[in-house]
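Step one of this worksheet: look at the structure below.
Just so you know, all these numbers are worked out from the coordinates, no wet-lab data involved. Computed from a predicted model, the values in this text were never measured in an experiment. Using ideal geometry, Cβ is built from the backbone for each residue, glycine included, and neighbour counts are taken over all protein chains shown.
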Amino acid sequence: MSYNAPPPPPSGPVGQTPPPNNLVWAILTTLFCCLPLGVVSIVYAAQVNGKFAAGDLAGAQESSRKAKQWAIWSAVVGVVVILIYIAVIIIAASSGTSTSTTSL
């Protein structure tokens with residue numbers, strides 16, 4: 001007599017696929033762009049699979065949307081900060097070379 005284990009319970013709503021959790025984008029923007037906004041994105045990305053498994057498809061989709069939105073904001077802020085930094089360096093370098101010395 002062989003024992004057959006019961007099949008695992010279905011994960012999420014039947015016939016539905018989980019929305020993308022955007023976790024990779026959240027992690028990358030946290031590391032390379034803007035840490036505070038990226039962390040918020042990671043928090044929302046981590047909620048997607050749990051909400052889907054609990055049967056909350058609307059909540060999973062909302063968390064997915066927010067994770068993507070915060071990752072985009074993090075990337076934009078990171079690019080803006082880098083551009084401002086480059087502009088400050090260029091301005092500082094150009095103002096530093098305009099001094100002249102005279103000998104008496």
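Using 0.36 nm per residue of separation minus the Cα-Cα distance, give me the extension gain between Phe32 and Ile82 in nm, one decimal. Before the final figure, lay out each step's value.
On the way: separation 50, 0.36 × 50 = 18.00 nm, distance 1.08 nm.
Length gained, Phe32 through Ile82: 16.9 nm.
In the stretch 29-59, which chymotrypsin sites (Phe, Trp or Tyr not before Pro) fall in coil by DSSP and have 12 or fewer other Cβ atoms within 10 Å? Could you put the intermediate results ahead of the total?
On the way: sites: Phe32, Tyr44, Phe52; in loops: none.
When the chymotrypsin sites (Phe, Trp or Tyr not before Pro) of the stretch 29-59 are filtered for loop state and at most 12 Cβ neighbours within 10 Å, nothing remains.
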Worksheet item: Points 7 angstrom from Cα along the Cβ direction at Ala58 and Ile91: gap in nanometres?
Response: 4.9 nm
